[in-house]
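Okay, structure first, notes after.
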Amino acid sequence: MESTAFRSGLLALNYHRIGESANNLFDDGVFSARPEDFEAQVTYLRRHFRLLNLRELLEISHNGFQFSECCALITFDDGYSDNFELAYPILRKHGISAVFFVPTDYIENPHLPWWDHIAYVLKKTQRPTLSLKTNPPVVINLTKTSRQNAIFQILRVFKSASKANEEGFLSQLEEAAEVQVDRAALGRELFMSWSNLDQMVETGMSVGSHTHTHQIMAQLTEVDQRRELGLSRELLEGRLKTSVLSISYPVGGPDKFTATTKRLCGDLGYKVGFSFYGGINRTGQTDPFDIKRIGIDITDSPFLSRTRMVFTTAFGKTF
Ligand SMILES: [Zn+2]
C-alpha cells in the first residue's frame with residue numbers, strides 16, 4: 001500500500017528497549033525491536049511517511065493539529081541505555097530525530113525497576129520451587145514451569161499486590177529465591193546517564209518527561225501528581241539546559257491518567273502529552289494531552305510491524 005492510500009494524520013510509534021532479548025538478564029517483555037529490525041522500520045517510515053521531530057509537531061499543535069500528509073513520530077519510553085547505544089546511532093545515520101521520555105529518578109538514582117528486578121531474580125535462582133507468603137500464597141515449581149511463565153506469574157502477583165509494600169514483596173522474593181540483587185549497580189548499567197541525554201539533545205534528539213518515579217498518575221493524589229510532573233520537568237530542564245515541553249504518561253492506558261493529569265501538565269508548562277493505548281491522531285481530532293501511540297513489539301515479524309503501521313494509519317485501529 002502506498003502512502004497516497006493513507007488519510008492524513010500522525011502515527012506516533014513507541015519503543016522501550018532495543019536489542020536482543022534472548023539471554024538478557026532482565027524482563028524480556030520490554031524489548032521492542034532488534035537493532036536490525038529497528039533500522040528496517042526506520043527505513044520503511046522514511047519512505048512512506050513524513051517523519052516529524054518534536055519541534056515540528058509542536059508547530060502543528062499550534063495550528064490545531066492540521067496534518068496535511070501522513071506524518072510519523074518515533075518515541076522511546078523509560079530511558080534504557082540501549083536507546084543511546086543502539087537506537088541513537090541508527091537514528092543519526094538516517095537523520096531522524098526521536099523523543100526519549102525518561103523517568104528522572106531512574107537517571108538521578110539508577111536502580112532496577114520492579115519488572116526487571118522480578119525477572120532478574122527468577123532468571124538467576126537455582127531453587128527448584130519458589131514459595132511466597134502472599135495473599136493468596138504463591139508456590140511455583142520451577143522444574144516444571146518455564147522461567148518465562150514463572151516471571152509472568154510473579155509480575156501478575158506483583159501488579160495486584162498493594163503498592164504500599166513494594167519493597168517488602170521484592171525482598172521476600174529475593175529471600176525465597178536465594179538471589180541477592182544490587183539494585184543500584186544493575187540500574188547504572190541499565191539506564192542512560194545525564195551525559196548520554198546531553199549528547200543526544202546536542203545532536204538534535206528531544207528529551208521529554210516520563211514523570212519522576214514512573215508511578216501511574218491515576219493512582220496518585222493531585223498533590224503527588226503535581227510533584228511527579230513538576231519535579232521531573234524541573235530536573236530535565238536544569239540538567240539538560242533545554243526546554244522540556246512533552247511528557248508520556250507511565251503505562252499510558254486510558255485509565256492510567258485523568259483529566260486532572262492533563263490539566264496539571266498544561267499548568268506546569270508541558271505542551272503535549274502522550275498516551276499508550278494505540279490509535280492514530282487525525283487532523284482536528286487530536287487532544288494535545290492525549291496523543292495516541294502504538295507500541296512496536298519484538299515478537300512482530302517485519303511484515304507484521306509494517307502491517308500494524310499501515311492499518312493503524314489507514315483505519316485508525318490498532319491490533
Ligand atoms: Zn514507562
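Please treat every number below as a calculation from the coordinates, not as lab data. Bear in mind the structure is a predicted one, so any value in this text is a computation, not a measurement. Glycine also receives a Cβ, built like all others from the backbone with ideal geometry; neighbour counts cover every protein chain displayed.
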The percentage of Cα-Cα pairs in the stretch 114-180 separated by more than 14 Å is 51
Build a GNM of the chain with springs between Cα atoms under 10 Å: which of Lys262, Lys93, Lys241 gets the top mean-square fluctuation?
Lys93
Selection from Gln180, Ala161, Leu197, by position along the positive dipole direction of the chain (Cβ):
Ala161
What is the percent of Cα-Cα separations in the stretch 223-299 that go past 21 Å?
31
Pairs beyond 32 Å (Cα-Cα), from Lys124/Lys159; Lys124/Lys163; Lys133/Lys262; Lys93/Lys241
Lys133/Lys262
Here the alpha-carbon Rg of the stretch 1-139 over 2.2 N^0.38 Å rounds to 1.35
Label-point gap, in nm, between Arg47 and Glu20 - each point 7 angstrom along Cα→Cβ:
2.6
Got a sec to turn the phi values of the stretch 296-311 into Karplus ³J(HN,Hα) couplings, 6.51 cos²θ - 1.76 cosθ + 1.60 with θ = phi - 60°, whole Hz, x for Gly and Pro?
9, 10, 5, 7, 5, 6, x, 5, 5, 5, 5, 5, 4, 5, 5, 5
Nearest 5 percent is fine: what portion of the DSSP beta bridges confined to the chain is antiparallel?
20
For the chain, report the convex hull volume of the alpha-carbon atoms normalised per residue, in Å³, without decimals.
130
Which angle between 0 and 90 degrees, to the nearest 10, do you get for helix 166-177 versus the longest principal axis of the chain when only C-alpha atoms count?
50
Please list 3J(HN,Hα) in residue order for the stretch 23-33, calculated via the Karplus relation 6.51 cos²θ - 1.76 cosθ + 1.60 where θ = phi - 60°; whole Hz, with x for glycine and proline.
6, 7, 7, 10, 6, 5, x, 9, 7, 9, 6
Using the Cβ atoms and a cut-off under 11 Å, what net charge is assigned to the surroundings of Gln180, where Lys and Arg are +1 and Asp and Glu are -1?
-2
Within a 10 angstrom radius of the beta carbon, how do Phe31, Phe257 rank from fewest other beta carbons to most?
Phe31, Phe257
Ranked by Cβ crowding within 10 angstrom, fewest neighbours first, how are Val121, Val181, Val157, Val207 ordered?
Val157, Val181, Val121, Val207
Return the tail of the calculated pair distribution for the stretch 71-172, meaning the percent of Cα-Cα pairs more than 20 Å apart.
54
What percent do you get for the relative contact order of the chain when only Cα pairs under 8 Å and 6+ apart count?
24
Can you tell me which of Ser193, Ser209, Ser146 moves the most in a GNM of the chain? Springs connect C-alpha atoms under 10 Å apart.
Ser146
The residues Leu197, Leu304, Leu220, sorted from fewest to most surrounding Cβ atoms within 10 Å, come out as Leu304, Leu220, Leu197
Nearest-0.05 FRET efficiency for Glu166 and Glu85 at R0 = 22 Å, using Cβ-Cβ distance, is 0.15
